[in-house]
Amino acid sequence: MGREVQRIRLLLVEASEILRDGLAHLLQSESNLDIVSVSDTPSQAVKAARAHKPDVVLTDIECSKGSAIELILRIRKVVPDTRIIVFTNSRRIDDFFSAMSIQVAGYISKENSVESLIKMIALAAEGKLVIDPPMAAIATGGLKALDGHRREARLNGVSTLSKQEKAILNLMADGATNQEIANALVITENKVKIHVQNIMHKLHARHRLEATVCAIEERLQRSIDGSGPERM
């Protein structure tokens with residue numbers, strides 16, 4: 001007998017009843033997904049996360065009866081290892097950066113097919129950062145509109161990073177903490193902190209988020225150009 005495939009435990013948070021029920025029905029039919037709970041409010045979602053400890057949470061950036069950013073932070077306190085994907089129709093660059101600043105596992109459009117959505121849920125469950133082409137284009141456009149000189153300096157700085165610094169920056173973009181980076185690269189957390197400071201200096205980044213955004217933009221540009229893999 002073959003080994004049983006581990007199913008991904010998914011918590012779906014969606015205010016629209018029609019979309020919530022329809023999506024739950026479509027996703028539940030997939031053999032690798034297990035919809036552990038469906039919620040329409042932040043309070044319900046936090047209770048469900050505590051009770052079911054999902055592998056992945058799929059939520060809109062626009063929640064009824066509360067802030068999605070606050071919801072994500074509350075879920076993180078309950079189940080720190082859960083991967084959280086923002087699934088939205090929002091085209092606001094501020095929403096994208098707000099989500100990226102709290103290190104979500106993905107930011108994807110509701111325009112995706114069910115097949116694409118399932119693939120991205122699986123990638124997020126594996127620890128990868130998922131941003132689909134529509135959201136990548138919006139993010140790249142927004143980034144280009146930001147401080148042009150600083151942005152160019154940051155992107156040029158990527159080429160000056162050492163192999164280990166690039167590895168650390170990629171892990172930062174995946175949402176890893178300093179301790180998680182240390183564990184992944186088998187170095188001390190203090191060594192990671194030193195590398196992060198060096199990375200920020202080379203990228204002319206004023207804080208960790210700016211350095212992380214630089215890594216995300218580099219990935220997005222590679223994806224759009226077809227010039228290279230997701231990671232640097």
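Read the figures in this text as sums done on the coordinates, not as results from a lab. These numbers were taken from a predicted model, which means no experiment stands behind them. Every residue, glycine among them, receives a Cβ derived from its backbone with ideal geometry; neighbour counts consider all protein chains shown.
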Determine which aspartates and glutamates satisfy two conditions relative to K110: a Cα distance under 12 Å, and not lying fewer than 8 residues away in the same chain.
-> E14, D60, D132
Go ahead and run the numbers for FRET between K110 and Q197, Cβ-Cβ distance against an R0 of 45 Å, rounding to 0.05.
-> 0.70
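Return the subset of K53/K163; K53/K128; K119/K166; K47/K119; K77/K119; K128/K163 for which the Cα-Cα distance in this structure is over 30 Å, preserving the input order. Each step should come with its number before you reach the end.
Values: K53/K163 36 Å; K53/K128 19 Å; K119/K166 26 Å; K47/K119 27 Å; K77/K119 27 Å; K128/K163 19 Å.
Beyond 30 Å: K53/K163.
Tell me, in nm to one decimal, what length is gained between E62 and D40 on full extension, where the rule is 0.36 nm per residue of separation less the Cα-Cα distance?
Value of the extension gain: 6.8 nm.
Just in the range 1-61: which trypsin sites (Lys or Arg not before Pro) are loop by DSSP and have at most 10 other Cβ atoms within 10 Å? Mind showing how you got there, number by number?
Numbers: sites: R3, R7, R9, R20, K47, R50; in loops: R3, R7.
Those satisfying the criteria are R3.
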Mind sorting V78, V57 by how few other Cβ atoms lie within 10 Å of their own Cβ, fewest first?
-> V78, V57
